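Enquirer: Let me give you the structure first, and then I'll get to my questions.
Nothing in this text is a laboratory measurement; each read-out follows from the coordinates by a stated rule. Values in this document were obtained by computation on a predicted structure and should not be read as measured data. When we count neighbours, we look across all protein chains shown, and the Cβ atoms used for this are built from the backbone with ideal geometry, even at glycine.
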Amino acid sequence: MAFIPRVGVYICHCGINIAATVDVKAVAEFAAHLPGVVVSRDYTYMCSDPGQALIKDDIAELNLDRVVVASCSPLMHEPTFRATVAEVGMNPYCFEMANIREQCSWVHGDSTPTTQKAMHLVTSAVAKAIMLQPLQQRQAPVTPTALVIGGGISGIHSALDIANAGFHVTIVERYPSLGGHVSQLHQTFPTLESTADLLNPLIDQLTNHPLITLMIEAEVTEVAGYVGNFEVKVRQGDKTTEVPVGVIVVATGFEVFDAHLKPELGYGVYPEVITTADFEQLAAGEILVNGREPERVVFIHCVGSRDQSVGNPYCSRVCCMVSAKQARLVRERLPNSRVTVFYMDMRAYGKGSEDFYDSVRQSGVIYRRGNPSEIIRRGDRVVVRAEDTLTGEPVEVEADLVVLAVGMVPRADTDVVAGLLKLARSSDGFFMEAHPKLRPVDTAMAGIFLAGCCQGPKDIPETINQARAAAATAMIPLMRGQVQVEAAIASIEEELCTGCDQCAEVCVFAALQLHPVRGVMTVNPVLCQGCGACATACPSGAISIKHFTFDQTMAQIDVLSDFGEPTVPTPKAEVEEVAV
Amino acid sequence: MLQIESQPFALEYDLFACIQCGKCTGGCPMAIKTKLNPRVLIYRLLTAGNGYDLEKHEELWDCTTCGTCFSRCPKEVNPMETIIALRSEFVEKGRVHQNVKTALESTYRHGNPLTLPREDRGAWAKDLSVKPMFDGVEYLYFVGCSPSYDPQAQKVARALVRILQHAGVDFGILGKEENCCASEVRRLGELGLFEMMAEDNQETYKRLGVSKMFTTSPHCFNTFKNDYPKNGVEVQHYTQVLAHLVENDELEFTSKFEKTVTYHDPCYLGKQNGIFDEPRAVLKSIPGIKLVEMDRSREKSLCCEGGGGRMWLEGTNPGVRLAQTRIKEAIETGAEILATACPFCLLTLDEAVKLLNAEDKLQVMDIAELVDQAL
């Protein structure tokens, strides 16, 4: 008997995100007449519980075998709705999504063509839905161990949490000692704790933990495999060790902005000009410049941050408070000093930070609004040239010591690490999280998580927050013991395959191999991520990607052949009003 | 009243990007001695509401267009271009200083701002057997107005011709066909005249098959490179050409020049086009020379106050010119020669030496003249 599809279509208002520019009722009405559609509804939030209940009820009552939701990007909610239909027994691959938000309502104005485009997108999704095939999702076992790359404050915390939960952790640190940038600091803000007191107990715990393997002066050289079953190679001296792990936490940290890139500030030219990082070293001993105690000290904010001229448009988040801490320290240690801080916008946003900023000013530090333009020499002092933007006057402030509050930048080898782990980078150059709000510690690569400043500038509490969140999220597959493997993967029609190997050359997941006996290519279903590169490379058209087959895609395109006003076919389905 | 529509203006010049950090004003060499304050100017335009009155903003004519403001801006705002655009509002209404009017009219009529006859433009080269430019000659040497007419700047052009002939470089000049590059016209705010002249000039270069050219002045160089539409002509400043010769050992020096020299970076060469190393490489190649640096060198070089039409305008603070401060800085280094590579710098700095009665301490020379003396 021929397959007669029974499709349910659901148009989401997304509050006013879609409904403000798309006539959602008209789209629902239109969709009801599409071939194969038996029910078409609109609702304020399809992703909400009542929205999902609508779908589930219809599947049960109307015996639906295909579901189309027209709402946001599938990146956002495809997993949600797949789970919804699966709950009532429908194969999740019989679900299809039309993106009428990012690709329609958000980018077009309130007009008839916007609604018509939404209709086209729905028509196209329904056409594909009818062609969809159920696919079987499979489970793969998880190696119950973790790799943490980087032994700074975030890597240490991630490693400890995972190990304390009972899983074995390998932590790889490039340098001979642990602690990263934090170990270079003298005191922390706003509590003025010694960093040694903060760090040493943690390092002790880490080194003595029975479930932690510490590899120092070591580097990750190769990462293969997938979530649950990564094969990692770590080089330590001449020796390369293979480490099988289930999950990876990336905690590779940051670099301090190189102040030489602002030549007008004279870093590296004038011994009186140092950075906040240099100051931490200086503060560990006596504060002396050119062999004597500085009387006039100037701090300069935002060096290499919020500065498009050096390609760093972002705020580095910590420099305001770092200079506040250091300015107060100068006032305490050198009571006769005159300390001026030049700032652009004061950002004391962290817990306790505004109080601390108050105490710094009350200690006699002078805050002047304006970002200095240049530093020049005058006699045995340097002169900071700026405009005091509150008085509107250009000023020249003499100084014996100038401290440049340098920001954070991505590590120079971020590209190399990104290549190893196939991680994306955001526009600021740091690693990109899977979603800025909803998935802040995940990456687009399943099983790889981000902790600390490799994802963007952070202070110590924020770094530890993220490190512990990354550890907790990374433990989900470790604790479940199994991961679901993507079902929408490449498949090979062996009659057409000549075994030319061109597909294997383009596959970044090493998922394709020549069968030694049959002389055709085979797909490793666990390694394949369904990216489709092989299908486009195949000269004989032997490869198709399940869930994105040629027939399914052509069906989607064919119905779009008329780009004018969508034609409304004869009524078929019943349109039901849904009370909101 | 000289009312402008400040909101559309602020949008056009992307002033909304400004975060009021004050780096432009803090680095501005004129802010410290006049009312010029680029940040406040931007703030006023942003907050003016329906319109802004430019009346009494005489300080707009103080700007030397040195470019420090935008080179320091963290948000890629360009206060210098903003000021040029505001000047154009004055020009459109004909409300400009008589000197500006004269310079603009002369540029239009005679092809130079100096009110000198067009026919005499090539006179400086009469005895030098320089080729006229024609198709097939490798380089066009664009001489520029001051080196064509000003007796002191002419020495630079003559020196440069001798150096290049000595090194066997194939170049030609336009002679009386050479027309002002219009850089100063643009910076005085006469944008219409600039466009017209740029078109005419490009027509000439196309007709003569010019594909590569170099200039005496960084101002001409900058305007060809950055203000003219992309036209396929490769433009260099002469110090780049000389640095190339030095690099390939194609300059043969026969005598030593045993003097201590410091180098003043012209704004339009250094700050605005990043050419810091080539002039120094040429200076260092001269046998016997001792090159010392001033504190304010390279990106921090102090403007001589000769750009942006200031060759013809006193400005609102005629007292101490920046060039005088610069001469004192040069003397402090112990240098006997202050070298530069810009006719405007050469003239303003030399005048400052005279005003300070410092002729016995410091001599201002162009790099081309120094090279020429050691050949």
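Enquirer: Could you work out, residue by residue across B:294-306, how many beta carbons of other chains sit within 10 Å of that residue's beta carbon, and then give the average as an integer?
Expert: Per-residue shielding by partner chains comes out at 3.
Enquirer: Continuing with the same structure: Which whole-number percent is the relative contact order of region A:349-502 (Cα, under 8 Å, 6+ apart)?
Expert: Here the relative contact order equals 10 percent.
Enquirer: Antiparallel as a % of all DSSP beta bridges within chain B, to the nearest 5? Before the final figure, lay out each step's value.
Expert: Working: 2 of 24 bridges.
If I count the DSSP bridges inside chain B, around 10 percent turn out antiparallel.
Enquirer: Under unit Cβ charges (Lys, Arg +1; Asp, Glu -1), what dipole magnitude, rounded to 20 debye, does region B:253-374 have relative to its Cα centre?
Expert: On the way: 15 positive and 19 negative charges, 43 e Å.
Computed about the Cα centre, the dipole is about 200 debye.
Enquirer: Near A:HIS260, within a Cβ-to-Cβ distance under 15 Å, what is the net charge of the other residues, with Lys and Arg +1 and Asp and Glu -1?
Expert: -4
Enquirer: How many nm separate the modelled label positions at B:PHE16 and A:GLU393, each set 7 Å beyond the Cα in the direction of the Cβ?
Expert: Using points 7 Å along Cα→Cβ, the separation is 3.5 nm.
Enquirer: Using a 10 Å cut-off around each Cβ of peptide B:66-75, what is the average number of partner chain Cβ atoms that fall inside?
Expert: 4
Enquirer: Same structure again: Given chain A, what percent of its DSSP beta bridges are antiparallel, to the nearest 5?
Expert: Close to 45 percent.
Enquirer: Averaged over peptide A:368-375, how many Cβ atoms belonging to another chain are found within 10 Å of each residue's Cβ?
Expert: Mean partner-chain Cβ count within 10 Å for A:368-375: 6.
Enquirer: Another question, then. Could you compute the FRET efficiency for B:ASN99 and A:GLU332, with r as their C-beta to C-beta distance and R0 at 51 Å, rounded to 0.05?
Expert: After rounding to 0.05, the efficiency reads 0.30.
Enquirer: Just rank B:ILE337, A:ILE376, fewest to most, by other beta-carbon atoms within 10 angstrom. Please report the intermediate quantities before stating the final value.
Expert: On the way: B:ILE337 21, A:ILE376 18.
Taking fewest neighbouring Cβ atoms as first place, the list is A:ILE376, B:ILE337.
Enquirer: Return A:SER353, A:SER73, A:SER305, B:SER297 ranked ascending by Cβ neighbour count within 10 Å, so the fewest neighbours appear first.
Expert: A:SER73, A:SER353, B:SER297, A:SER305
Enquirer: Just need the relative contact order of chain B here, percent rounded to a whole number, with Cα pairs under 8 Å and 6+ apart.
Expert: Contact order relative to length: 17 percent.
Enquirer: For chain B, modelled as a Gaussian network with Cα springs under 10 Å, which listed residue fluctuates most, B:GLY22, B:GLY232, B:GLY209?
Expert: Among B:GLY22, B:GLY232, B:GLY209, the largest GNM mean-square fluctuation belongs to B:GLY232.
Enquirer: While we're on this one: Considering only A:GLY285, B:VAL40, B:PHE90, whose Cα is most displaced toward the positive end of the charge dipole of the protein assembly as shown, charges sitting on Cβ of Lys, Arg (+1) and Asp, Glu (-1)?
Expert: A:GLY285
Enquirer: I would also like to ask the following. Relative contact order for chain A using alpha-carbon pairs under 8 Å, separation at least 6, rounded to a whole percent?
Expert: Value for chain A: 16 percent.
Enquirer: Positive end of the charge dipole of the protein assembly as shown (Lys, Arg +1 and Asp, Glu -1 on Cβ, about the Cα centre): tell me which of B:ALA198, A:GLN455, B:GLY270 has its Cα farthest that way.
Expert: It is B:GLY270.
Enquirer: Any idea how far apart A:ARG377 and A:SER561 come out in nm if each label point goes 7 Å out from Cα toward Cβ?
Expert: Going from the A:ARG377 label point to the A:SER561 one covers 7.9 nm.
Enquirer: Here is a further query. Calculate for chain B the 222 nm mean residue ellipticity that helices alone would give, adding -39,500 (n - 2.57) per DSSP H run of length 4 or more and normalising by residue count, nearest 500 deg cm²/dmol.
Expert: Calculated mean residue ellipticity at 222 nm is -12000 deg cm²/dmol.
Enquirer: While we're looking at this one, here's another question. With 15 Å as the cut-off, how large is the P(r) tail for region B:146-228, expressed as percent of Cα-Cα pairs? Provide the component values of the computation, followed by the final result.
Expert: Values: 2136 of 3403 pairs.
Of all Cα-Cα distances in region B:146-228, 63 percent exceed 15 Å.
Enquirer: Sorting A:SER373, A:SER561, A:SER309, A:SER154 on the 10 Å Cβ count, fewest up front, what's the list?
Expert: A:SER561, A:SER309, A:SER373, A:SER154
Enquirer: Which value at 222 nm does chain A reach when only helices count, each DSSP H run of 4 or more adding -39,500 (n - 2.57), with the total divided by all residues and rounded to the nearest 500 deg cm²/dmol?
Expert: Theoretical 222 nm ellipticity from helices: -9000 deg cm²/dmol.
Enquirer: Restricting the count to DSSP beta bridges whose residues both fall in region A:258-405, what percent are antiparallel, rounded to a multiple of 5?
Expert: 45
Enquirer: What shape does region A:209-360 take by its C-alpha gyration tensor, where a ≥ b ≥ c are the square roots of the eigenvalues and a/c under 1.5 counts as rounded, a/b above b/c as prolate, and the rest as oblate?
Expert: Note, shape of region A:209-360 comes out prolate.
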